[in-house]
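Quick notes on the structure that follows.
Values in this text are rule-based calculations from the coordinates and carry no lab data. All values derive from a computational prediction rather than experimental measurement. Neighbour counts are summed over all protein chains in view; Cβ atoms, including those assigned to glycine, are modelled from backbone coordinates with ideal geometry.
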Amino acid sequence: MIKIGIILGSTRPGRNGEAVAKWVFENAQGRDGVVYELVDLADYPLPHLDEAVPAGRGKYELEHTRRWAAKVAEFDGYVFVTPEYNHSISGVLKNAIDFVYGEWNNKAAAIVSYGGVGGARAAEHLRLILGELRVADVRSQVALSLLTEFENFKTFKPGAFHLELLATMLAEVESWSRAMKTIREPAA
């Protein structure tokens, strides 16, 4: 059994990401050999990075960091739900990623993005960040346009074709998460 966290990468009031993350979570339920958990960054209020020692050393002094590190460490893979703000991911998502290091390593990730052009630029920026953390990102992605998938830019109404894209992406992140788990576990 593998465990995959769906990371909701926005804490903005009235955020569109909450509906998107719930849609991903609901459609991920009941898949064989995997448990999905929705992780809302609003439930992990992290100040701007305030650890004295770089995350790569794994010596977390502050309780909020230790709590976040424990949550990130629980998963074999991730689905990042990210908005696009100014051609990038949200500041709160970048900050949460930067707080820990080793807990991300040798895992897999998929990206569901949303924005004016489907969040494509945010997804590409996130791929660069994940590479530095030794997270293997899958090729398939779900990109949701604010112009076509959100009525009045607020009410999430994804086209039916997105379900097939989502299923393909979930299958990829599941298989990659299983494969990456063998790297993290010592040989018997």
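A few remarks follow.
- Order of ILE111, ILE2 - criterion: other Cβ atoms within 10 Å of each residue's Cβ, fewest first: ILE2, ILE111
- Choice from PHE153, PHE80, PHE161 showing the highest fluctuation, given a GNM over the chain with Cα pairs closer than 10 Å: PHE161
- Selected from TYR101, TYR114, TYR44 as most flexible by GNM, with the chain as the system and alpha-carbon contacts under 10 Å: TYR44
- Summed side-chain charge close to LYS181 - residues other than LYS181 whose Cβ falls under 9 Å, Lys, Arg +1, Asp, Glu -1: +1
- Highest mobility in the GNM of the chain, judged by mean-square fluctuation with C-alpha springs under 10 Å and restricted to ALA143, ALA120, ALA70, is found for ALA70.
- Fraction of C-alpha pairs exceeding 24 angstrom in the chain: 35 percent, rounded to a whole number.
- Partners for LYS59 among lysines (Cα-Cα distance below 17 Å; same-chain residues under 8 apart left out): LYS71
- Note on the chain: helix-only mean residue ellipticity at 222 nm, from DSSP H runs of 4+ residues weighted -39500 (n - 2.57) and normalised by residue number, equals -12000 deg cm²/dmol.
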